[in-house]
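S.K.: Submitted below is the structure of interest, expressed as structure tokens.
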Amino acid sequence: MGSGNIRTTFASEGVEFLISGEEKVPLSSVNGKMICLFFSANWCRPCKNFSPQLVQLYSTLRTMGENLEIIFVSFDRDESGFSEHFKTMPWLAVPFNVNLHKRLSKLYNVHHIPSFLPLGSDVCQVEEDAVGFIEDYGADAFPFTKKRKEALKAMDEVKLQGGKLEELLAHGGRNYLVSGHGRKILVSELVGKTIGLYFGAHWCPPCQTFSAQLIETYNELHTTRDCFEIVFVSTDRDHDEFDLNMRKMPWVVIPYEDRTRQDLCRIFDIKEIPALVLLGWDGKTISTKGRAMISLYGADAFPFTESRIEEIETALRKEADGLPRQIKDQKHQHVLKLEMPKTFVCDSCKKRGSFWAFSCDICDYDLHPTCVQQEF
Ligand SMILES: [Zn+2]
Ligand SMILES: [Zn+2]
């Protein structure tokens with residue numbers, strides 16, 4: 001269905017003109033354009049969340065010179081709801097009419113809002129509206145065809161396998177990342193390093209805890225070798241939270257304005273934060289479970305390969321083989337048992353420890369195996 005058909009449809013539904021801002025424009029003003037219908041309402045929260053994304057897409061595509069026009073079909077209950085919603089939109093609308101949206105939604109098979117329907121020969125068919133597609137890919141989704149969707153999914157798959165860091169981290173002419181102090185670092189400088197993509201947000205308490213662990217690991221690896229870098233992928237709710245967060249970070253971040261943040265979440269299927277995806281020196285994905293590796297083994301886990309983790313675990317088992325199951329220490333009245341707590345603070349040297357400890361079942365008392373003074 002092209003613009004010719006939509007004009008006929010509108011005319012037969014009694015639509016005599018369209019609205020642009022506060023002005024009436026003739027139906028012929030959409031001649032020769034790619035037309036998309038946007039079904040939405042001011043009272044609908046998902047509509048209000050989606051609408052700004054659509055405004056951004058519209059302005060991006062228009063700036064690129066795409067011949068696209070959106071026509072808003074209001075599901076509002078009254079004229080004032082319509083006006084309030086429409087004033088946020090830079091595109092056209094059909095005049096508000098409480099019955100019209102019912103007829104048009106029936107005609108176009110619209111069962112929910114928001115619904116975004118590109119009209120054209122090769123575009124997604126009417127049963128598949130493009131809202132989810134646009135949420136996932138932004139302006140990259142244009143021209144909203146099945147072919148385009150398949151091409152983008154194939155590109156995601158290639159990026160997931162990895163190998164081309166610049167394709168993964170640079171975007172739309174931006175070939176740099178920024179440091180916590182705002183310094184620009186070229187993505188090309190990271191090629192050849194082991195990279196951790198850290199997904200997190202300021203509002204998330206487990207992220208704060210993990211950030212502290214990650215900073216420790218990062219600093220440790222940075223003083224000994226310069227082949228590891230962390231790239232922070234913010235899921236912060238706004239720019240202020242993002243700023244607060246990045247100021248405390250010693251590594252590089254993806255600029256907040258850039259949709260690479262959303263792209264990376266989609267490509268690596270990030271469902272919860274904090275998350276750490278590890279890429280090897282060749283840019284290929286090593287693991288999406290970097291968080292557990294860092295929490296357990298810290299800098300020892302470098303370069304985070306399966307064989308390195310096996311090495312660590314074998315060494316730990318060996319260490320345990322050389323230790324008694326339980327001991328009696330001179331400093332403590334109860335018997336202490338060999339355990340593997342996640343982390344502990346040694347009650348003798350007061351330093352933090354991980355892995356093997358001699359712990360008391362009765363009280364909160366832990367010792368490094370090396371801090372034991374056995375009582376015979
Ligand atoms: Zn100790
Ligand atoms: Zn005790």
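The numbers here are math on the coordinates, done by the rules we state, and not lab data. Not measured: the values here are computed from a predicted model. Here Cβ is always computed from backbone atoms with ideal geometry, including for glycine, and neighbour counts include all displayed protein chains.
S.K.: At what distance in nm do the modelled label points of Glu306 and Leu323 sit from each other, each positioned 7 Å from its Cα along Cα→Cβ?
M.R.: Result: 2.8 nm between the two label points.
S.K.: Just need log10 I(q)/I(0) for the range 284-324 at q = 0.28, 0.32, 0.33 Å⁻¹, Debye formula, equal scatterers on the alpha-carbon atoms, no solvent, rounded to two decimals.
M.R.: -0.96, -1.11, -1.14
S.K.: With the cut-off at 31 Å, report for the chain the share of all Cα pairs above it, as a whole percent.
M.R.: Numbers: 37341 of 70500 pairs.
Percent of Cα pairs beyond 31 Å in the chain: 53.
S.K.: Stokes-Einstein diffusion coefficient for the range 217-366 at 37 °C in a medium of 0.692 mPa s, Rh from the Kirkwood formula over Cα pairs: what value in µm²/s? Each step should come with its number before you reach the end.
M.R.: On the way: Rh = 18.4 Å.
Estimated diffusion coefficient is 179 µm²/s.
S.K.: To the nearest Å, what is the center-to-center distance of the range 163-211 and the range 305-376, using C-alpha atoms only?
M.R.: Answer, in whole Å: 37.
S.K.: Once amide H atoms are placed 1.01 Å from N in the peptide plane, what residues at a sequence separation of 5 or more from Gly353, or on another chain, have their amide H within under 5 Å of its amide H?
M.R.: Counting only residues 5 or more places away or on other chains, the set is Phe344, Val345, Cys346.
S.K.: Across the range 204-209, in residue order, what do the Karplus-derived ³J(HN,Hα) couplings come to in whole Hz, using 6.51 cos²θ - 1.76 cosθ + 1.60 with θ = phi - 60° and x for Gly and Pro?
M.R.: 9, x, x, 5, 4, 4
S.K.: Still on this structure: Could you go through the range 52-65 in sequence order and give the Karplus-derived ³J(HN,Hα) for each residue, using 6.51 cos²θ - 1.76 cosθ + 1.60 with θ = phi - 60°, rounded to whole Hz, and x for Gly and Pro?
M.R.: x, 5, 6, 4, 5, 4, 4, 5, 4, 5, 5, 4, 6, x
S.K.: A further question on this structure: What distance in nm separates the simple spin-label points at Glu23 and Glu150, each placed 7 Å from Cα in the Cβ direction?
M.R.: With each label placed 7 Å out from Cα toward Cβ, I get 4.3 nm.
S.K.: Quickly estimate the mean residue ellipticity at 222 nm for the chain, helices only: each DSSP H run with n ≥ 4 gives -39500 (n - 2.57), and the total goes over all residues, rounded to 500. Kindly include the intermediate steps, with their values, before the conclusion.
M.R.: On the way: 12 runs with 134 residues, N = 376.
Result for the chain, helices only: -11000 deg cm²/dmol.
S.K.: Further question on the same structure: Hey, what angle do you get for helix 306-321 against the long axis of the chain, alpha-carbon based, 0 to 90 degrees rounded to 10?
M.R.: 30 degrees
S.K.: Moving on to the next point. Which loop-located trypsin sites (Lys or Arg not before Pro) does the range 324-376 contain, where loop means any DSSP state but H, G, I, E or B and the Cβ has at most 10 other Cβ atoms within 10 Å? Spell out each step's value before the answer.
M.R.: Numbers: sites: Arg325, Lys328, Lys331, Lys337, Lys342, Lys350, Lys351, Arg352; in loops: Arg325, Lys331, Lys342, Lys350, Lys351.
Qualifying residues, ordered by number: Arg325, Lys342, Lys350, Lys351.
S.K.: Further question: Check which residues have an amide H placed less than 5 Å from Lys284's amide H, if you skip close sequence neighbours.
M.R.: Gly163
S.K.: Which of Met64, Met34, Met155 moves most in a GNM of the chain, Cα contacts under 10 Å?
M.R.: Largest GNM mean-square fluctuation: Met64.
S.K.: Okay, moving on. What residue among Leu276, Leu177, Leu104 shows peak mean-square fluctuation when the chain is described by a Gaussian network model with Cα springs under 10 Å?
M.R.: Judging by the Gaussian network model, the answer is Leu104.
S.K.: When the convex hull of the Cα atoms of the range 3-151 is projected onto a plane and the area is averaged over all directions, what value comes out in nm²?
M.R.: Numbers: hull surface 32.2 nm².
Value for the range 3-151: 8.1 nm².
S.K.: Whose amide H sits under 5 Å from the amide H of Ile70, counting only residues 5 or more places off or on another chain, with H placed in the peptide plane?
M.R.: Here the answer is Cys36, Leu92, since their amide H atoms fall under 5 Å of that of Ile70.
S.K.: With +1 on the Cβ of every Lys and Arg and -1 on the Cβ of every Asp and Glu, and nothing else charged, how large is the dipole of the chain about its Cα centre, in debye rounded to the nearest 20?
M.R.: Numbers: 44 positive and 52 negative charges, 29 e Å.
Its charge dipole is roughly 140 debye.
S.K.: Can you list the HN-Hα couplings for the range 28-33, worked out from phi with the Karplus curve (6.51, -1.76, 1.60; θ = phi - 60°), rounded to whole Hz and with x for Gly and Pro?
M.R.: Couplings: 5, 5, 9, 3, x, 9 Hz.
S.K.: Round to the nearest 0.05 the FRET efficiency obtained for Val98 and Gln56 when R0 = 22 Å and r is the Cβ-Cβ distance. Please report the intermediate quantities before stating the final value.
M.R.: On the way: r = 30 Å, r/R0 = 1.35.
About 0.15, to the nearest 0.05.
S.K.: State the Cα centre-to-centre distance between the range 1-52 and the range 252-277 in whole Å.
M.R.: The two parts, judged by their Cα centres, are 34 Å apart.
S.K.: Right, here's the next one. May I ask you to list the trypsin sites (Lys or Arg not before Pro) in the range 45-152 that are in a DSSP loop and have at most 16 other Cβ atoms within 10 Å of their Cβ?
M.R.: Working: sites: Lys48, Arg62, Arg77, Lys87, Lys102, Arg103, Lys106, Lys146, Lys147, Arg148, Lys149; in loops: Arg77, Lys87.
The qualifying sites are Arg77, Lys87.
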